[in-house]
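S.K.: Before I ask anything, let me first share the structure, which is written out below as structure tokens.
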Amino acid sequence: MSETASLNMQDIPQGQLPEHIELQRARVFCKADAPVHTEDVEYSGAYAAVGFDNSLQVDDFRRDFRVEIKNLSMDDIEFDMIGIDASLANAFRRILIAEVPTMAIEKVLIVNNTSVMADEILSHRLGLLPIEADPRLFDFLSENDTPNERNTIVFKMEVHCKKRGPRLTVKSDQLKWLPNGSELLMESPNPSTKPRSFTSFSCSQASLPQISGRPIGMKHLDIIITQLGPGQSIELEAHAVKGTGKVHAKWSPVGTTWYRMLPEVKLLKEVRGNDAEKLVKKCPRKVFDVEDVGHAMKKAVVSRPRDCTLCRECISGAGEENIALRRVRDHFIFTVESTGALPAEVLFTEAVKILEEKCERVISELS
Amino acid sequence: MGYREKDSVETHNNHAKPIKSAVDKFALLPEFLKVRGLVKQHIDSFNYFINNEIKKIMKTNDRIECPQDPSLYLRYTKISIGKPVEYMEHHAEKLTPNICRLSDRTYASPIEVDIEYTVPNQTNKEYKKGLVIGRIPIMLRSSCCVLSGKDEAELAKLGECPLDPGGYFIIKGNEKVILIQEQLSKNRIIIDTDSKGRVNASVTSSTHETKTKTVFFIDKDKIYLQLNQFSKPISIMIIMKAMGMENDQEVMQMLGRDPKYGFLLFPSMQECRSEKIITQKQALEYLQGKLANLSSLRFEINKDDRVKKILINVFLAHVPVKDGNFRPKCIYTAVMLKRMMDAVLNVETFDDKDYVGNKRLELSGQLVALLFEDLFKTMNSQVASRMSKAYDKASRSTPLYFIHYMMSDTITNGLERAISTGNWDLKRFKMNRKGVSQVLSRLAFIATLGYMTRVSPQFEKTRKVSGPRALQPSQWGMLCPCDTPEGEGCGLTKNLALMTHVTTDEEEGPLIKWCRKLGVVDVEDLSGEELHAPDSFLVMLNGLILGKHTKPQKFANAMRKLRRKSVIGEFVSIFVHERQRCVYVASDGGRVCRPLVIADKGVSRIKEYHMKELRDGVRSFYDFVREGLIEYLDVNEENNALIALYEHEIPKDGHGEDNADVQKSSITHIEIEPFTILGVVAGLIPYPHHNQSPRNTYQCAMGKQAMGNIAYNQLSRADTLLYLLVYPQRPLLTTKTIELVGYDKLGAGQNATVAVMSYSGYDIEDAIVMNKSSLDRGFGRCIALKKQIVVKEIYSNETSDRIVRPQNEPRKQALDADGIAAPGQIVRRHDILVNKQSPRNKKDRITNPMALKDCDYAPSNVSYKGPEGETTVVDRVMLYSDKDNKMCVKFIIRHVRRPEIGDKFSSRHGQKGVIGTIVQQEDFPFSEEGICPDLIMNPHGFPSRMTIGKMIELLGSKAAVSSGRFHYGSAFGEPSGHADKVEDISRTLVKHGFNYSGKDLLYSGISGKPLQAYIFMGPIYYQKLKHMVLDKMHARSFGPRVTLTRQPTEGRARDGGLRLGEMERDCLIAYGASMLIYERLMLSSDPYQVQVCRQCGLLGYYNHKLKTSWCSMCKTGDSMSSLKLPYACKLLFQELQSMNVVPRLKLTEY
Ligand code: SF4
């Protein structure tokens, strides 16, 4: 960062920050020993002395905010969110992890389990399996509710390993969806009444219009649940309900989601010749390239700053004089890795909706 | 093995760069452990007992005679031990260890003997083969055990874990280890100073017949002998005279020519002279007068003989006296005197009691042998006494058969009792030791291994001496420098190192023959003068003077050559002691030794082709020993060796580095691997050589408390308490030891991603912050299995308990139709496990015990005693009958626990901490790769602990996950490639886009902004320790009280109160909080209303019927006052009264 002696400072143009302050405002400096200027200045009047308005205006935000999708696959999305504050980006991240609901197995009714795996652990493993069911079609099951077709998905698993056979690996494809609800009957104290099952479905879930097109099942069919030795068997019913990641990680719709600020790699001085070659070699992520500048001279250029992982190899030793590693404070490279219930992009819009809802709640509470 | 990244090699400077000729000898280690095993010392020793020792014991005690008629006798001709069986009624059931463990039986084999005996009035001897005289507990994996020589599949069939080391016993279902006992070596001269500062020389003689201790000491310049049999110390010259050395000059000559010795002996001679003792006869008469009374009972022969007997059998008992020839004993005495005088003249020649070479380790085989010998003798004398009784009563018509008086209980019960209680109380051998055997800890796999290598100390632990606790240089390679407990046992309780072997006894006969052949001159043939001829060395074999040799070095070399050629045993040690001018040849048992590579002038005998043959499987470890490439050295012989750590460390002779303090040509041996100086438990620590040493010691203690997998058969075992980790992992940063002992297969921890930063303030004092999502996903989840046994009792009147079908009652929902809780049922505290009923009448005789009516039974249900408010599950139910044929039900109750605040975790570097808080994942920081740590550790844990190893572990593990290769951190492993160098690790990290020093940019999960520092983050192997809040938390308001004092009970198990102790009370007094003291110490504890008589000051009572108080002393109720005081106080008064002390209360108006 260039510093100017106080005597020969230029006049400060009003309404505009001096270059180094502007840099501090908009960038995080990743020095070799520690990052500096990690906190942004939030106070709207912080730069009032130079006539710079630091407040956030909705119109400005509308104008400047951009989303660029860089990469989109079935379950993953990587996109850039530009022109937004860290607190907002973080809010989306937090909501995605903890508050976007999904379906997950919550109750396991074990009829028989002669495997080596204890019931509790088997249940725990079942709970963590991602289920391919749109959680938006279901209601939360609250304490007094009876499980019905609108809040519960029932799966059944019946595996048996043959005696005198090889061991059997039980995978998640063994869980079969029961659209008509539980098949197990509750023990009733009164034998005369007709025994009831553990759920009270009024109709088959498969007949519900929202679901009929897309049968419910496991997202991945090859997740190993347990292994059975010869003669062992498992018979159980698993009830999945809607929940959020706040309560248990199994309801988290994302494997993980995170963002990073856009790396900015700046050459402060021109790096030429051998040094340039060295620099290119140094960087494990190939951020730099050499460019011919004629006269058989070579010069290093920053060609892929986005790939920088901040390993700080390039600024180790004396490198810090030549290169500045920075992060753009309002540019977030956001990654969502969905577990599969909903596509990653849908998850994000869900998160936005939840945030919106929250805001509305605040507004209505306040007014 | 050390795969090294290509690009890193160039940068090594030439110092560290291994010379190409260095042979990687690591492959020898697994091979060594295959032959010797981790607990081979135990098994070897037990095998030796079973195969050799027991026969010797039988031979020395093979004849029982009827006291009245010596022609009536029984003789043992053969003894053998079979395979473990149990005799049920009329049939033998083969036992396997797991059957014994599950049904609380003893894993024991019958001892079978062949006997011949005479019968009165019958000329022919009777013979009997295979008579069982008792059952002996069998050590697992010993040659008698069904498991010996079984491969993995066969072991699995027997329900046994292949990684289980064996070496322990199973007594009534409990696994018992006989700990290795450390002892001062027997039959060796030890020069020391006693508590009064006097120079003393002592020998503990131990032969098959007796055990005695002989002590010489110098008091006021005179040398005395102290022996139990004499009431007073005896001047040494008198003893010499009593042994026939009447000539003072001869004694002098035996000590050597130097007048210095003469001066030292002169006062003793003078004293002897002043007692007017000149001849042997006078000396013996003098000694008679000094006999201690206690021995008078033992020898009922004439007095003169008694002194001689003592001199033969007690004084230096291990030196044999053949045909009354005392000369060897005289020479031995002279040698002892000379050593003592040397010590007076030159302080350096004192022996060090803590020196490992002066110690012997007593192993289970020897201990069981002692026990067996004692019991065998007891049984024989019992047989004899029974026979003699029968002889007196016998009528002529019934012939007396010896065999009728042989009983098998003595040995069976004696062995079983001793091993299960650990009390070795053998009057015959004056032995009374407690805690010899201990229950094998099955808390963790590593704890089990640790138990098998433990060496229990010779002293009591309370002694506040530092000498024996200090780390002895001679421990190097034999005893682990890290693995010792903290506190009272610190430094006393030790553990064997990885390659240590403990010897067993070896025949002396061939050794003596070889020594003679190699020119050892018998001392008997020499005059006293020649004994100490300047150019000759004494040759000692197992503490006995064998003779003299003029070329000691040559003799030693020849003997060693014989050993390397396997002519004499591989564990024989030859040690030339220059200062004592002695060559010690040792073949006795209990010496610690270890294998080393032999080097000729610094060049290893093991060449690359040897190793290749080993890898190809055409060469075994034994071949290396047999061909003289490797030999075992004991601690003493190590003093004659110069051992290099690595071959490439040896500088080239002449043109090597000048500053080398060692000439290459003088190097005799090379270590196989330096990390073998550590034991099994310390071997788990990655980079221990980078840690502050106490940290390694702490980890050694904690590694034994870590949960994980116990054994492959862990789910079919029935331990009282078993903690298992649900998802144990193999450490990303392993060591070679880990792989050798199988810790990678039975791990006890998980690789947690750790961020070293402060977070939330709930991480002070080593607390850690946990990620809730990690816990949700199974991190640190554990299973606690607890055992509960219900016995269906049979009573004296032949009635018995019964288990009945439950009615639909509360708390009985877990029961099956058979009245016993079913596996898989959820049980809570107080739920009933067995619907049991007991007969109301258990004592009186009942005509038909089977036909009791329902009303004759009262319910005696057994309920589950578990933690309040937790749901647990019946894991297994086992039915079996115990040794009294009562039906037993064993319940294994399972509780799956997820970590909670206060649970204890630790890394492998002695850094323990509890969970301080559990934080949602979204609040946790995350890195640019999206990695979110599992736990956060406070950086303040580092500066004072200096556990650099932990930091390297973090780096190494991080490199391991990113490169997909397990990294190594074996102790001292960098030069040999068994530990990755930090430089290489860092390079790997950079290659994968991480920072060189492992520090990443993290974003705060709360604010979303980058943290102001780069955070050191990566995986560290974390162990969950057995201390969990659930087992410890405790509070009480009201609760049970002790009947005697009426004060609240003590301890969590009894729902006790929390004591406000003396120091707390002092605080309150100082503060002046009198009412608080009153409340805590009386109102909340044991308030009691008493009636006090103001006249006599004694306690009266209150008559509730008449509503008056009454003093039974004054016989009046006139002057009674009521008073509140602690019940304990009232109790004290009454107890004092019962002792005729009358406390009187004086009351005044207040
Ligand atoms: S920090 Fe590392 S990845 Fe980024 S530009 Fe420098 S060398 Fe390349």
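S.K.: Once you sort the root eigenvalues of the Cα gyration tensor of segment B:1086-1150 as a ≥ b ≥ c, which label holds: rounded (a/c under 1.5), prolate (a/b larger than b/c) or oblate (the other case)?
M.R.: Rounded.
S.K.: If you don't mind, another one. Using only C-alpha atoms and all pairs of different ones, pull out the Kirkwood radius for segment A:102-250 in Å with one decimal.
M.R.: Numbers: mean 1/r = 0.0618 Å⁻¹.
About 16.2 Å for segment A:102-250.
S.K.: Now, a different point. For chain B, what value does the Rg/Rh ratio take when both radii are computed over Cα atoms and Rh is the Kirkwood radius, given to two decimals?
M.R.: Over the Cα atoms of chain B, Rg/Rh equals 1.02.
S.K.: Then there is this: Rounded, prolate or oblate: which fits segment B:100-203, taking a ≥ b ≥ c as square roots of the Cα gyration tensor eigenvalues, rounded meaning a/c under 1.5, else prolate when a/b beats b/c?
M.R.: Since a/c reaches 1.5 but b/c is at least a/b, the shape of segment B:100-203 is classed as oblate.
S.K.: Largest first and in whole Å, what are the equivalent-ellipsoid semi-axes of segment B:782-897 based on the Cα gyration tensor, each being the root of 5 times an eigenvalue?
M.R.: 29, 15, 11
S.K.: Using only the alpha-carbon atoms of chain A, report the extent along each of the three principal axes, biggest first, to the nearest angstrom.
M.R.: 99, 62, 34
S.K.: Given 0.36 nm per residue, what is the gain on full extension from B:E154 to B:K517 after removing their alpha carbon distance, in nm?
M.R.: 125.8 nm
S.K.: Could I have the simple spin-label model distance between A:T349 and B:L642, label points 7 Å from Cα toward Cβ, reported in nm to one decimal?
M.R.: 8.3 nm
S.K.: A follow-up question, please. Amide H neighbours of B:G708 under 5 Å, at least 5 residues apart or on other chains, H built in the peptide plane: list them.
M.R.: Answer set, sorted by chain and number: B:L725.
S.K.: State the three equivalent ellipsoid semi-axes of segment B:699-837, derived from the C-alpha gyration tensor as the square roots of 5 times its eigenvalues, in descending order and whole Å.
M.R.: Working: eigenvalues 364, 88, 36 Å².
Listed largest to smallest, the semi-axes of segment B:699-837 are 43, 21, 13 Å.
S.K.: Which shape class, rounded, prolate or oblate, goes with segment A:234-281 when its Cα gyration tensor gives a ≥ b ≥ c as root eigenvalues, a/c under 1.5 marks rounded, and past that a/b bigger than b/c marks prolate?
M.R.: Judged from the Cα gyration tensor, segment A:234-281 comes out prolate (a/c at least 1.5, a/b above b/c).
S.K.: If you don't mind, another one. What are the principal axis extents of the Cα atoms in segment B:190-350, in Å, biggest first?
M.R.: Its Cα atoms span 45, 32, 30 Å along the three principal axes.
S.K.: For B:K222, go through the lysines and keep the ones whose alpha-carbon is under 25 Å away, minus same-chain ones fewer than eight residues off.
M.R.: Candidates past the 8-residue exclusion: B:K196, B:K213, B:K232, B:K241, B:K260, B:K276, B:K281, B:K290, B:K308, B:K329, B:K338, B:K353.
S.K.: Give A:K278/B:K981; B:K186/B:K322; B:K34/B:K664; B:K186/B:K434 a once-over and call out the pairs whose C-alpha atoms are over 28 Å from each other.
M.R.: B:K34/B:K664
S.K.: At 0.36 nm per residue, and after removing the present C-alpha to C-alpha distance, how many nm does the segment from B:K129 to B:D844 gain when stretched out fully?
M.R.: 252.8 nm
S.K.: Still on this structure, please answer the following. Straight-line reach from B:K912: which lysines have a Cα under 22 Å away, not including same-chain ones fewer than 8 places off?
M.R.: Of all the lysines, those that pass the test against B:K912 - Cα under 22 Å, at least 8 places apart if same chain - are B:K704, B:K772, B:K904, B:K950, B:K958, B:K1024, B:K1026, B:K1032.
S.K.: I need the phi-derived Karplus couplings for segment B:858-864: 6.51 cos²θ - 1.76 cosθ + 1.60, θ = phi - 60°, integer Hz, Gly and Pro marked x.
M.R.: Whole-Hz 3J(HN,Hα) from phi for segment B:858-864: 10, x, 9, 5, 10, 10, 7.
S.K.: Distance cut-off 23 Å, Cα to Cα: go down the list A:K266/A:K286; A:K31/A:K266; B:K55/B:K211; A:K250/B:K787; B:K359/B:K494 and report the pairs above it.
M.R.: Result: A:K250/B:K787 exceed 23 Å.
S.K.: Another question, if that's okay. Averaged over its residues, how many other protein chain Cβ atoms are within 10 Å of peptide B:714-727's Cβ atoms?
M.R.: Values: counts 0, 3, 1, 0, 0, 0, 0, 0, 0, 0, 1, 0, 6, 3.
Other-chain Cβ atoms within 10 Å of each residue's Cβ, averaged: 1.
S.K.: From the C-alpha gyration tensor of segment A:178-321, pull out the three semi-axes of the equivalent ellipsoid (sqrt of 5λ each), sorted largest to smallest, in whole Å. Display every interim value, and only then the final one.
M.R.: Details: eigenvalues 845, 62, 45 Å².
Each semi-axis is √(5λ); the values are 65, 18, 15 Å.
S.K.: Suppose R0 equals 22 Å. What FRET efficiency, 1/(1 + (r/R0)^6) with r the Cβ-Cβ distance, do A:A318 and B:E983 give to the nearest 0.05?
M.R.: The pair A:A318/B:E983 has a calculated efficiency of 0.65.
S.K.: Taking only C-alpha pairs under 8 Å that are 6+ residues apart, what is the relative contact order of chain B in percent?
M.R.: On the way: 2256 pairs, mean separation 109.7, N = 1150.
Computed over chain B, the figure is 10 percent.
S.K.: Now a separate question. Using a 10 Å cut-off around each Cβ of peptide B:989-1001, what is the average number of partner chain Cβ atoms that fall inside? Show your work: numbers first, answer last.
M.R.: Details: counts 2, 8, 2, 4, 9, 6, 7, 4, 3, 0, 5, 4, 14.
Mean partner-chain Cβ count within 10 Å for B:989-1001: 5.
S.K.: Taking amide H positions as placed in the peptide plane 1.01 Å from N, state which residues far from B:D875 in sequence (5 or more) or on other chains have amide H under 5 Å from it.
M.R.: Counting only residues 5 or more places away or on other chains, the set is B:G824, B:I892, B:I893, B:R894.
S.K.: Listed highest first by mean packing, meaning other Cβ atoms within 10 Å per residue, what order do B:179-189, B:879-889, B:683-693 come in?
M.R.: Values: B:179-189: 20.0, B:879-889: 13.6, B:683-693: 24.9.
My ranking of the peptides, most packed first, is B:683-693, B:179-189, B:879-889.
S.K.: Alpha carbon centre of segment A:215-263 versus segment B:1073-1150: separation in Å?
M.R.: Between the Cα centre of segment A:215-263 and that of segment B:1073-1150, the gap is 70 Å.
S.K.: Here is a follow-up. With θ taken as phi - 60° and the coefficients 6.51, -1.76 and 1.60, list the Karplus ³J(HN,Hα) couplings across segment A:267-283 in order, rounded to whole Hz; mark glycine and proline as x.
M.R.: With coefficients 6.51, -1.76 and 1.60, one gets 8, 7, 10, 6, 10, 10, x, 4, 4, 5, 4, 4, 4, 4, 5, 4, 6 Hz.
S.K.: On to the next question. Between A:K281 and A:E19, take the C-beta separation as r, use R0 = 51 Å, and let me know the FRET efficiency to the nearest 0.05.
M.R.: 0.95
S.K.: May I ask for the Rg/Rh ratio of segment B:381-441, computed from Cα atoms with Rh as the Kirkwood radius, given to two decimals?
M.R.: On the way: Rg = 17.4 Å, Rh = 14.3 Å.
Here the Rg-to-Rh quotient is 1.22.
S.K.: Peptides A:92-103, A:15-26, B:244-255: what's the order by average Cβ count within 10 Å, highest mean first?
M.R.: Sorting A:92-103, A:15-26, B:244-255 by mean packing, highest first, produces A:92-103, B:244-255, A:15-26.
S.K.: Give me the extension gain from B:Y609 to B:Y622: residue separation times 0.36 nm, minus the current Cα-Cα distance, reported in nm with one decimal.
M.R.: 3.1 nm
S.K.: Over every pair of different alpha-carbon atoms in the protein assembly as shown, take the mean of 1/r and invert it; report that Kirkwood radius in Å.
M.R.: Hydrodynamic radius (Kirkwood, Cα only) of the protein assembly as shown equals 40.0 Å.
S.K.: Which net charge results for the neighbourhood of A:W177, defined as the other residues with beta-carbon distances under 15 angstrom from its beta-carbon, given Lys and Arg at +1 and Asp and Glu at -1? Please report the intermediate quantities before stating the final value.
M.R.: On the way: positive: A:K156, A:K176, A:R214, A:K219; negative: A:E132, A:D134, A:E149, A:E158, A:D173, A:E183, A:E237.
Taking every other residue near A:W177 into account, the sum is -3.
S.K.: A further question on this structure: Placing +1 at every Lys and Arg Cβ and -1 at every Asp and Glu Cβ, with all other atoms neutral, what dipole size does the protein assembly as shown have around its Cα centre, in debye to the nearest 20?
M.R.: Around 5740 debye, computed over the protein assembly as shown.
S.K.: Per residue, what volume in Å³ does the Cα convex hull of segment B:341-463 take up?
M.R.: 197 Å³
S.K.: Still on this structure, please answer the following. What does the charge add up to near A:I82, with Lys and Arg as +1, Asp and Glu as -1, over the other residues with Cβ less than 10 Å from its Cβ?
M.R.: Residues near A:I82 contribute -3 overall.
S.K.: Roughly what would the spin-label model give for B:T720 and B:D1066, points 7 Å off Cα along C-beta, in nm?
M.R.: Going from the B:T720 label point to the B:D1066 one covers 3.6 nm.
S.K.: What does the charge count around B:S268 come to, taking other residues whose C-beta lies under 9 Å from its C-beta (Lys +1, Arg +1, Asp -1, Glu -1)? Could the numbers behind the result be given before it?
M.R.: Numbers: positive: B:K222; negative: B:D221, B:E271.
Charge balance in the 9 Å sphere: -1.
S.K.: Ok, one more. Alpha carbon centre of segment B:994-1020 versus segment B:74-102: separation in Å?
M.R.: Cα centres, segment B:994-1020 to segment B:74-102: 65 Å.
S.K.: Sequence-distant or interchain residues sharing an amide H contact under 5 Å with B:D1000, placed H: which?
M.R.: Amide H neighbours of B:D1000: B:I1015, B:F1016, B:M1017.
S.K.: Applying a 10 Å radius around every beta-carbon, put A:318-325, B:64-71, B:583-590 in order of their mean neighbour count, most first.
M.R.: Top to bottom by mean Cβ count within 10 Å: B:583-590, A:318-325, B:64-71.
S.K.: On to the next question. I need the calculated FRET efficiency for the pair B:V347 and B:A1053, taking r as the beta carbon distance and R₀ as 56 Å, to the nearest 0.05. Please report the intermediate quantities before stating the final value.
M.R.: Values: r = 56 Å, r/R0 = 1.00.
Efficiency, from the Cβ-Cβ distance: 0.50.
S.K.: To the nearest whole number, what is the average tally of beta carbon atoms from other chains within 10 Å of the beta carbons of peptide A:325-333? Can you show the working numbers first?
M.R.: Working: counts 1, 0, 4, 0, 2, 0, 0, 1, 1.
Rounded to a whole number, the mean comes out at 1.
S.K.: Right, something else. Please compute the modelled spin-label separation between A:L208 and B:T871, points set 7 Å along Cα→Cβ, answer in nm with one decimal.
M.R.: 2.5 nm
Every read-out reported here was derived from the displayed coordinates using simple, explicitly stated rules and does not represent laboratory data. Worth saying up front: this structure is predicted, and the values here are computed from it rather than measured. We place every Cβ from the backbone using ideal geometry, glycine too, and count neighbours over all the protein chains shown.
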